[in-house]
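K.L.:
Pasting in a structure now, in structure tokens, and then I'll have a few things to ask.
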């Protein structure tokens, strides 16, 4: 594992957000959802594609708080632009368990 400095870590914008919309993404090469995530009034809404269909339905995701990286450049995924990276843990079977706050938090809070 490569070490990074505290300064490197402090530059990563890991923020809390709430998923407000979930859409099918049939054009994706691997099964994925298109998500609209609310990061609060200061940041607003961003969209992301997430390969989390193995463990999460649309109903499971709507209203769920997540943790996402906001300061990566936008990424083109087929016809879709992903503005942020939703974080999770890849299991041995390649399914992803989302990284989420333990308790409800305000949208847009930065991980410290």
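The values are calculated or read from the model by the stated rules, or taken from the named source; none is laboratory data. Keep in mind the model is a prediction, meaning the values are calculated, not measured. Cβ atoms come from the backbone with ideal geometry, glycine included; neighbour counts cover every protein chain shown.
K.L.:
Restricting attention to segment 34-60, which residues are touching a residue at least 24 places away in the same chain (Cβ under 8 Å) and either touching a helix residue (DSSP H, G or I) at 6+ places or on another chain (Cβ under 6 Å) or within 15 Å of residue 71 (Cα to Cα) (or both)?
P.N.:
37, 39, 42, 43, 45, 46, 47, 48
K.L.:
Next question, about the same structure. The conditions are (1) more than 14 Å from the chain's Cα centre (by Cα); (2) closer than 20 Å to residue 109 by Cα; (3) in a strand (DSSP E or B), and residue 76 fails exactly one of them. Which is it?
P.N.:
Here residue 76 meets the rest and fails (2).
K.L.:
Please count how many residues of segment 45-73 are part of a strand (DSSP E or B) and more than 16 Å from residue 30 (Cα to Cα).
P.N.:
Of the residues in that region, 8 qualify.
K.L.:
Any chance you could count how many residues in segment 8-27 are touching a strand residue (DSSP E or B) at 6+ places or on another chain (Cβ under 7 Å) and either surrounded by fewer than 18 Cβ atoms within 10 Å (Cβ to Cβ) or touching a residue at least 60 places away in the same chain (Cβ under 8 Å) (or both)?
P.N.:
Residues that pass the stated criteria total 10.
K.L.:
Mind listing whichever residues of segment 77-99 are at pLDDT 95 or above and within 17 Å of residue 46 (Cβ to Cβ)?
P.N.:
Scanning segment 77-99 gives 80, 81, 82, 83, 84, 85, 86, 87, 88, 98, 99.
K.L.:
Please count how many residues of segment 85-112 are free of Cβ contacts under 8 Å to residues at least 60 places away in the same chain, surrounded by 12 or more Cβ atoms within 10 Å (Cβ to Cβ) and closer than 16 Å to residue 12 by Cβ.
P.N.:
Selection size over segment 85-112: 4.
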